Amino acid sequence: MTTLRRLPYDLNLLGFRLREDRRDVAVRNHIVNRIRREFDEMPGMSLSVPQATRLFGIPTDVCARILTRLAEDGRLRLTRGGRYSLPSEAS
């Protein structure tokens, strides 16, 4: 029998909020996957860090690190105007 470990975040209608355990790998992976899916599902979306912070309901520093990493990995691109979008989307 497999036991499921409860992740340290609370779901709500606007997204989810991190608790104190910010270095939990499972939580981080969940957040990264959610952000990737949102961009994939809305290909024209272009967000600044403050907009992404509000959309995903996560702290600004966490959001900035995740978006930067996704841009470094080539999953997103950072425009000169400081907005993140899919690489194929022009801004």
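Just a few scattered comments:
- Cut-off 16 Å (backbone N to label point 7 Å along Cα→Cβ of LEU86), residues of segment 56-71: 71
- Cα gyration tensor category, rounded, prolate or oblate, for segment 44-86 with a/c compared to 1.5: oblate
- Potential lengthening of the chain between ARG36 and LEU78 amounts to 13.7 nm, from the contour at 0.36 nm per residue minus the alpha-carbon distance.
- Net length gained if the chain between LEU55 and ARG69 were fully extended (0.36 nm per residue, minus Cα distance): 3.2 nm
Every number here is computed from the coordinates shown, using simple stated rules; none is lab data. Since the structure is predicted, the reported quantities are computational estimates derived from the model, not experimental observations. Cβ sites come from the backbone with ideal geometry, for glycine too, and all protein chains shown count toward neighbours.
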